Amino acid sequence: MINTSTLLYNASNLPISSIRRSNKLNIKAVKMELTLTRPDDWHLHLRDGDLLAAVAPYSARDFGRAIVMPNLRPPITTTADAIAYRESIMKVLPADSDFNPLMTLYLTDTTSPNEIKLAKESGVVYAVKLYPAGATTNSQDGVTDLFGKCLPALQEMAEQSMPLLVHGEVTDPDVDIFDREKVFIETVLRPLIQKLPRLKVVMEHITTADAVKFIETCKEGTVAATVTPQHLVLNRNSLFQGGLQPHYYCLPVLKREIHRQTILSAVTSGSKQYFLGTDSAPHERQRKESSCGCAGIFNAPVALSLYTKIFEEAGALEKLEAFTSFNGPDFYGLPRNTSKIKLTKRPWKVPERILFPSGEIVPMFAGQMLDWKPSF
Ligand code: NCD
Ligand code: ZN
């Protein structure tokens, strides 16, 4: 039995290929296969235009459904926008694709309770996303007055059982970037949950032990969290390993190793409060490798391989399916998928780049060897 739980992050922080190589002699030539209920991705950026057409097939291949983020320019703020965006997603997929994009609205200071009612009635919109203004990519239209102007919309969401998805970072430039999640929990999230205890809340892409501690104090079925592959595999050293690594830059930014370990323990514990959300966030290569690079990691092609590897190394493969395929739909009150996918343990190489008409995208772990491959 190989114990690579520390190696995953430790060996080089561009780790997986080197881990495989360094452990090669120990790997038994046993073909391992896993069958899982088809997973869903509860946090995904699909973009629009050429970029959408280039990236959507990767998610549609591995996932049955995805909660699609609304941070386009301009953002998706109405049900009518969400319906049109959903149509444009379906158009870039093969006609027989059974991928189901679950749409979201971008909460603003002017989102009305009526818009929430329309969203619920549409059967197309499944959640509303809170971006504190200025927190991340395309969040300039985000919320500035959550407890004031947004309150009527939030009350209606609680009424309609419409989850609020939270980018949990404060934007105050005086708060250290590594503390923004912790400060958000204390100054925004905890008071919000106290004020609206019936509101369903998903804390997106958690990155800290503080978030884990907080989630554990919350009511199961009312407050949950998504976790990305990068925050399970990498720590903040990876950003600077051998030079600045723009393809590991995302928001919330990678944190200390102790935080990675705490999140890893939480998701592999079997708790129903955590589920898969890749936060796959593609940007054209030039926009990442730039004097002012964008935040976001395109992990859709590798996400399922990485999650599987992580659970395997934690000795928790039997808990993987709940994280990938059960906890999310159970929280949203949706049926679990009925179809299955198979993952085979065999080496495969991540593409170096993905070309599209206006440029190229560099996937997470581009050119590296990974262990688990979804097969169809
Ligand atoms: C996301 C994006 O690029 O849209 N970037 C990221 O680093 N995760 C926005 C977000 O989810 O914060
Ligand atoms: Zn995101």
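Anisotropy class assigned to segment 209-264 is prolate, per the alpha carbon gyration tensor with a/c at or over the 1.5 cut-off and a/b larger than b/c. Projected label points at GLU257 and LYS373, each 7 Å from Cα along the beta carbon direction, are separated by 3.2 nanometres. Can you figure out the FRET efficiency of ASP50 with THR144, using R₀ = 45 Å and their beta-carbon distance, to the nearest 0.05? The pair ASP50/THR144 has a calculated efficiency of 0.90.
Between ARG190 and LYS31, what is the FRET efficiency for a Förster distance of 56 Å, r being their Cβ-Cβ separation, to the nearest 0.05? Given R0 = 56 Å and the Cβ-Cβ separation, E is 0.70. Taking the DSSP bridge list for the chain and keeping only pairs wholly inside it, about 35 percent are antiparallel. Taking every C-alpha pair closer than 8 Å and separated by at least 6 residues, the mean separation divided by the residue count of segment 101-208 gives a relative contact order of 27 percent.
In degrees between 0 and 90, to the nearest 10, how far off the longest principal axis of the chain does helix 49-62 point, with axes built from Cα atoms? It is inclined by approximately 60 degrees. Packing, taken as the mean count of other beta carbons within 10 Å per residue, orders the peptides 97-103, 164-170, 335-341 from highest to lowest as 164-170, 97-103, 335-341.
Principal-axis analysis of the Cα atoms of the chain puts helix 257-267 at an angle of about 80° to the longest axis.
A crude spin-label estimate for the pair THR217 and LYS342, with each label 7 Å from Cα along the Cβ direction, gives 4.7 nm.
Just so you know, the Cα atoms of the chain work out to an Rg and Dmax of 19.5, 62 Å.
Ordering 64-72, 138-146 by mean Cβ neighbour count within 10 Å, with the highest value first, yields 64-72, 138-146. When the helices of the chain are scored as -39500 (n - 2.57) per DSSP H run of n ≥ 4 and the total is divided over every residue, the value at 222 nm lands at -8500 deg cm²/dmol.
Against the chain, whose longest principal axis comes from its Cα atoms, helix 151-160 is set at around 70 degrees.
Bear in mind these aren't lab numbers, they're just calculated from the coordinates by the rules spelled out. Remember, predicted model here, so these are calculated numbers, not experimental data. Don't worry about glycine lacking a Cβ; one is built from the backbone with ideal geometry, like all the others, and counts go over all protein chains shown.
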